[in-house]
Every structure is written in C-alpha cells, then in structure tokens.
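Comments concern the structure below.
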Amino acid sequence: MFAEVWQKILDGRSGDAAIRHPGGVWTFAQLDRAARSREPDTCPVLGPFHLARGDAPALASALLAGLIQGLPVQLVEADRQRRVPACPPPSGTALVKQTVGSSGLRRCQFFGLAQLQADTDRLHTALRLAELDGVLAPLSLVHSFGLTTALLPLLLHGLPLHWLPSPFPGSLSEALASAGRGRLLLPGAPALWKAWLDAGIDFRSVGRAVSAGAPLRLELEQRLRTAAGLKLHNLYGTSETGAVSCDLDDAPRTDPDDLGTLLPGVSAAPGPDGRLRVASDAVGLGYDAPKSGEVFGDGQHLTWDRIESVAGRLLFRACLGAGIQVAGRKLSPGEVADRLRAASGVAAIEVRGEPSRDPERGQEVVAVIDLPPDQLTREFKARACAGLAPWETPRRWVSSLA
C-alpha cells in the first residue's frame, strides 16, 4: 500500500524540493535514492531494521527505507542511547518509538503502517494541510508531535518540510523569510510560541498555527491573534494515540482548559478515575514492557490525563502520570535521578516536577539530595548534571538535611 502512495508522490513531484535544511535542499527523487541505497541494521530483537537518528534528511531517508522495504524503523533522539526493545515487536510493526510519555517510564511503543497512516490522514484533513505549501519543523522530528505534523506528511502526502536544527527565533525568522509568499504550517509548544512572540517574529508566511505538548493559556493565544491575525489551534494527543482532539474553531477559546472537539474517527470517554480512555484506528500496537493495569493496544489506550467532556468539548483537568513535562517534552524522574547519582556519587537523590514560575514551561525539575546545603555548590551541580540535556537539568536543588 505504501509503495503506491509514495510512487504517486514521486510521479508528481520528483524534482520538487522535499526537504530544506541548513545544508541545502533534497528533492523527492534524491530522498528516494537515499532511502533505496540504505542497508538495514540488525538487532537481536527486531531483526533487520532501520535506525532513524540525526538530522531531517537522515530521519526521512531511514523512515522511507523501512516503509519501502517493509522493515521496522526505530526512532531515537540524538541525545539518547538506543533502547533495545524488551520483547519482539508485534507482527506488522512499521515504527518503534522510544519515549517517556506521561507514565514517566522510558519504553518502546510499536506502531503499524495503518496506525501511522490513520493519524497522519486525520490531521491532514482536520488542519486542511492540502491548502498549504509546506511545514516548518522547529520541533524534534522524533517527538510524536513533530513526527505527525512534519515527517509523516512529507512521506504520506508529499508535503515539503523546512527543517530547523533549533527552534530559536533567529533560525525561525530566517526560514520564514526564505518562504516568500508560501503558506506554511508552524507547529510549536506554548514555550516556543511565547519565545517567538517575544522576539517579534514576522508570521506572514504562516498559514496555520498549532500548539501542543502543554496547556495553552488564553493570553498566549490572543497575543498571536493580535500580532499576526492567526488563530493558534490547541491540539491534544498522546504518543500512544496520535491526535485526539483539536480546537479547530476560528474564534478564540474562552476556557484555558479547552482542548477542542474529538477529531473524526476518534472516540473517548473518562474512566472511573477521570482518566481519558481513547479508541481510534491510530492507537499503537503496545509497549515492549507493559505494566499491570495499563490499556494500550487493540485500538484503545487509557491515558494518564484526567479530562472531562462538557458540551462536546474536552477540558483538561490534570495529568496523573509520573512524567515531568518541561516546555512540551516529557522526562522520566527515575532516569534523571539515576544519571545524577552516577555522575555525583551520591546515592540518595530523588527527582520530581513542580509548577514552573513560567507557565509556558509547565514544570521545573527539582532534585532532592542527601547533602548539606553548603555542599550544593555550582561546581557540584555542574558535575552532577554533566550527563543531562539542558532541558533535563534541575532548576532547583533541595537538601534533605537542611
């Protein structure tokens, strides 16, 4: 099925730009040649597979190679070690995500081509992406949000992408300026939208603006409308389910908890504890290390989000999972604590999330450590955090001996 989809894109757009990036431009034909020239890797659990890691051309060619050859593709962030799945993938697995999610546990999630196609098609229709000339990709293409709004639309719908190695305002401004009169999709987390607005970005080339990954304040939504006349659509989903709901109205929201209405083909209802249970054809095939009481597979997923349905709209109330949400990204408190222990030599360290003073960031990482306050020096913190990405670094250190 995928071969026919891709061939149709090639027949119509072979010489057109598929990926723009700081190193140049790849056409659809160049992307196709790069994918067909790739040799698969070998894994004792996955068997022959393609490892997708690096910049946009590397990720796109690896994913395309796997889809063409019918081999699974494992996505890995550039700053992460690859996790070997704890079990063989279900039959028909096309994609292996390696993510923390709201559970707070770094695991692998398995998806078939049908689930990827369903999620991509659903967003393509809901956001009217066929009306646009391409998508800007300031987000990680390995993250579910970036994957579904940028990388998969390229391979399944031929929507060109302009990849930015960083989401900083300067890079975005240059990319938008080079777009000319094109109309682009710009996805971003609330923390990014705030940074872009603070920098005075010219959004005239943006045809559709989408926010996801964290609660979207009404003030931020209104700022973009005032500055650029754009509606910032609030999108909700999980890595397990893909997109679930979206505020597709042109009018501003009146409730900051408003996640919009369920997308066509998705059904959801709160469970006994208020956690949303989602059913759709985009729900993945399962985890490599499932835990008791979890629901993920057979078209259904029990999320960690407590959400109410009022008058046909979903209203976010709380996330009950252990994952810490920092500027639209999830991290595992246990994983961060393990790295801090290994680097510092201090065994008694716990990590938790607390509300950030910057509402767009969501939470801050807090480290509780069994050391006197006078030993929590700048040098000690730098050594302890040497193995962490900047966004994982604790913003606050608390001595349990104080």
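The values are calculated or read from the model by the stated rules, or taken from the named source; none is laboratory data. As the structure is a prediction and not an experimental result, all values here were calculated from the model. All Cβ positions, glycine included, derive from the backbone under ideal geometry; neighbour counts span all protein chains shown.
If the condition is being farther than 20 Å from residue 153 by Cα and among the charged types (D, E, K, R), then region 61-107 contributes 79, 80, 82, 83, 106, 107. Of the residues contained in region 308-320, none is found to be touching a residue at least 40 places away in the same chain (Cβ under 8 Å), surrounded by fewer than 16 Cβ atoms within 10 Å (Cβ to Cβ) and in a helix (DSSP H, G or I). Within region 123-135, residues that are more than 14 Å from residue 248 (Cβ to Cβ) sit with their Cβ atoms under 7 Å from residues that are crowded, with 24+ Cβ neighbours inside 10 Å and of a type in the set (Val, Ile, Thr), at 6+ positions apart or across chains, in these pairs: 135/149. Tell me, yes or no, whether region 240-256 has at least one residue that is crowded, with 16+ Cβ neighbours inside 10 Å and more than 19 Å from the chain's Cα centre (by Cα). There is at least one residue in region 240-256 that is crowded, with 16+ Cβ neighbours inside 10 Å and more than 19 Å from the chain's Cα centre (by Cα).
Quick one: would you say residue 114 is under 21 Å from residue 299 (Cα atoms) and in a helix (DSSP H, G or I)?
In short, yes.
Please determine, by comparing only the residues of region 160-187 that are aliphatic (A, V, I, L, M) and part of a strand (DSSP E or B), which one is farthest from the chain's Cα centre (by Cα). Don't jump to the end; show me each part of the working.
First pass over region 160-187, keeping only residues aliphatic (A, V, I, L, M): 161, 164, 172, 175-177, 179, 184-186.
In the following step, the residues that additionally are part of a strand (DSSP E or B) were identified as 161, 184-186.
Values: 161: 16, 184: 19, 185: 15, 186: 14 Å.
Looking at residues that are aliphatic (A, V, I, L, M) and part of a strand (DSSP E or B), I get 184.
Of everything in region 133-159 that is in a helix (DSSP H, G or I) and among the hydroxyl-bearing types (Ser, Thr, Tyr), the residue that is nearest to residue 118 (Cα to Cα) is 148.
Within region 236-250, identify whether any single residue is within 19 Å of residue 359 (Cα to Cα) and touching a residue at least 24 places away in the same chain (Cβ under 8 Å), and answer yes or no. Yes: one or more hits.
Taking the criterion of being hydrophobic (A, V, I, L, M, F, W, C), touching a Cys at 6+ places or on another chain (Cβ under 7 Å) and crowded, with 18+ Cβ neighbours inside 10 Å, the only residue of region 47-89 that qualifies is 49.
On the stretch given as region 381-401, residues that are touching a helix residue (DSSP H, G or I) at 6+ places or on another chain (Cβ under 7 Å), closer than 12 Å to residue 346 by Cβ and in a helix (DSSP H, G or I) total 2.
Quick check on my filter: what residues within region 339-365 are among the hydroxyl-bearing types (Ser, Thr, Tyr) and within 21 Å of the chain's Cα centre (by Cα)? The answer is 356, and nothing else. Looking only at residues that are among the polar types (S, T, N, Q) and more than 14 Å from the chain's Cα centre (by Cα) in region 76-131, which one is nearest to residue 187 (Cα to Cα)? Among residues in region 76-131 that are among the polar types (S, T, N, Q) and more than 14 Å from the chain's Cα centre (by Cα), the one nearest to residue 187 (Cα to Cα) is 125.
Here are 23, 54: which of them is within 24 Å of the chain's Cα centre (by Cα), on the phi > 0 side of the Ramachandran plot and of a type in the set (Gly, Ala, Ser)?
From the options 23, 54, the qualifying one is 54.
Of all residues in region 321-356, those being of a type in the set (Asp, Glu), assigned to a helix (DSSP H, G or I) and farther than 25 Å from residue 293 by Cα number 1.
Take the conditions (1) in a helix (DSSP H, G or I); (2) touching a residue at least 40 places away in the same chain (Cβ under 8 Å); (3) closer than 20 Å to residue 333 by Cβ; residue 360 misses just one of them, which is (3).
As a summary of the residue check, residue 120 satisfies the conditions (1) among the hydroxyl-bearing types (Ser, Thr, Tyr); (2) more than 24 Å from residue 297 (Cβ to Cβ); (3) surrounded by 19 or more Cβ atoms within 10 Å (Cβ to Cβ) except for the one numbered (2). The lone criterion from (1) closer than 22 Å to residue 328 by Cβ; (2) crowded, with 20+ Cβ neighbours inside 10 Å; (3) at pLDDT 95 or above left unmet by residue 155 is number (1). With the structure loaded, tell me whether residue 261 is among the hydroxyl-bearing types (Ser, Thr, Tyr), in the same structural domain as residue 96 (by TED's automatic domain parsing) and in contact (Cβ under 8 Å) with a residue 60 or more places away in the chain or whether it fails that test. No: the conditions fail for residue 261. Out of all the residues in region 28-42, is one or more modelled with pLDDT of 95 or more, touching a Gly at 6+ places or on another chain (Cβ under 8 Å), hydrophobic (A, V, I, L, M, F, W, C) and outside the structural domain of residue 336 (by TED's automatic domain parsing)? Within region 28-42, one or more residues are modelled with pLDDT of 95 or more, touching a Gly at 6+ places or on another chain (Cβ under 8 Å), hydrophobic (A, V, I, L, M, F, W, C) and outside the structural domain of residue 336 (by TED's automatic domain parsing). Go through the residues of region 291-306 one by one and say whether even a single one is more than 26 Å from residue 95 (Cβ to Cβ), in the same structural domain as residue 83 (by TED's automatic domain parsing) and assigned to a strand (DSSP E or B). Yes, there is a match, as at least one residue in region 291-306 is more than 26 Å from residue 95 (Cβ to Cβ), in the same structural domain as residue 83 (by TED's automatic domain parsing) and assigned to a strand (DSSP E or B). Right, residue 340: surrounded by 16 or more Cβ atoms within 10 Å (Cβ to Cβ) and touching a residue at least 40 places away in the same chain (Cβ under 8 Å) or not? In short, yes. Looking across 94, 58, 62, one residue alone is among the small types (Gly, Ala, Ser), within 20 Å of residue 145 (Cβ to Cβ) and assigned to a strand (DSSP E or B). It is 94.
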